[in-house]
Structure formats: C-alpha cells, structure tokens
Amino acid sequence: MDSTILIDARQGAGLTNLAARINAEHASAEAALNAGLQHALEAGRLLIEAKAQVAHGEWAGWLQDNFDGSDRTARAYMQVTKRWPEIEAKRGTSAVLSLDQATKLLAQPSVKTESKPTARQVFPFGLPELSPGKVFRACGNKADLVEITPVADHLGYYRVAHFRNLDSIDASDMVYDRRGVKYTPELLATAIHSLGFHPTTKWSSEGASSEDPWYARLPGGVPVHRYEPTTREAPTS
C-alpha cells in the first residue's frame, strides 16, 4: 500500500475521532449549562418556600446564616423561579441557557401588546345559556342581529347567524357558520366576537323549530355567505 495513502487514512481516522470527542464535550457543556439553570430554578423554589416560613423582617439574617451564596445570588434564583414563564417566552429557539443569560433576559423590556377588550365590554348583557329547545337573538349597534339556533338531530350543537345592514332594503346580507358547533361559553364568545358584533340589547329567546333554520336548508347555489367561527380570539374575562 502506498505510504501516503496510509498516512492520509490514519489522519482521517484521527480527525474523525477528534470530531467525535469535540462533539461529546460540546454536548456535555450544553447539558451542564442547562443543568445549572435547572438547579438555579429549584434553588429559587426552595428559597421562596423558606422565605414564606421565616418571620417577617428576619429573612436577611436567616439567609446570611443559612445560605452559602450571596444575597444577590439568592435574589437571582428567586427571580428565575418567579418569572420562569417569561424566560421561556423570551428565550425563543435557544436550546441552551445559563443563569446569567436568564437574568439578562429578565432585564430586557417586555414587548407591550395591545390589550384585549374584556368580556364585559364586548358583551355588556352577557351571553345566553344555550338550551336545545330555544332560539336566542340579540340586536347590535350597526342595524344587525345575531341568532343562535340549535342544530336539528344533533343535540348540543348550535349555529350562529349574523344578519347585517337590516335597515337597508338592497344591501342587507348575512353570514352563518355552516356546521353546527358544540359551543362552550368561551367558543361562543369567540364566534360572536369574530363577527364584529356588539350587542346593544339583552338576549331574547323563543321556542326552537324541529327543523334547521331556513338559511341552513337553502340549496348550495344560493348566495348566502358562510364563515368558520373560530377566526379571532375571544375577549378576556
């Protein structure tokens, strides 16, 4: 065998071995960093538990007598524990995070988001308690109306229909969810909110027919719009 080829083969094997050892050490370093943060998280939890049991005004003294680290370190541990969801949100795709990096993330300003309207603001008269034998209606502030009807032959399922521009002879129209939905209060709020409907009257009710409403029984070619009822977040409670 050519001596040059033999040397190259040995060098290749040596580099492959080195690469494997480098990657092993890298994995250990990452694991150690993450393990360190997990230990800090647990230390913070235990510190918070201990502080709750120490008499008021005696925490600093207890910490000095019983904790091997500094007061600053203890506060860092406790902050990491208290604000862990914030750290998780801010770390993004970073798989490795040290205690120092975590505290730096907490020092970053939080991104302000537009506050959502409260359920009381959007639904001042509340939401109806759905019943299989009833149809519910409420009027809005844009000459519109929302109707909630039970789905025939599907107990517990309902359709939400939005009639719009009722004060216009030519431009009135409507949308409705094409499939029945087993509405929870949260999902019902989402559906109505997604329509941009703001009720200005209390919900009225009347007995439901044994058949689906007329718009749900129209042939497919009739131009009645349909929508999916979960396109926007519900208002906060």
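Coordinate-derived values only; no laboratory data. Predicted, not measured: the structure shown is a model, and the values here were computed from it. Cβ: placed from backbone, ideal geometry, glycine included. Neighbour counts: every protein chain shown.
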### Query
At a Förster radius of 30 Å, what calculated FRET efficiency corresponds to the Cβ-Cβ distance of Ala60 and Asn34, to the nearest 0.05?
0.45
### Summary
Fewest to most Cβ atoms within 10 Å: Asp177, Asp212, Asp65 sort as Asp65, Asp212, Asp177
### Message
Suppose each label sits 7 Å from its Cα in the direction of the beta carbon; what would the Leu41-Leu15 distance come out to in nanometres?
### Response
4.0
### Query
Around Ile48, what is the net charge, scoring Lys/Arg as +1 and Asp/Glu as -1 over all other residues with Cβ under 13 Å from its Cβ?
+3
### Summary
Between Ser131 and Leu166, the FRET efficiency computed from the C-beta separation at R0 = 30 Å comes out, to the nearest 0.05, as 0.75
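Would you mind calculating the gained length between Ala107 and Ser209 on full extension (0.36 nm times residue separation, minus the Cα-Cα distance), in nm to one decimal?
30.7 nm
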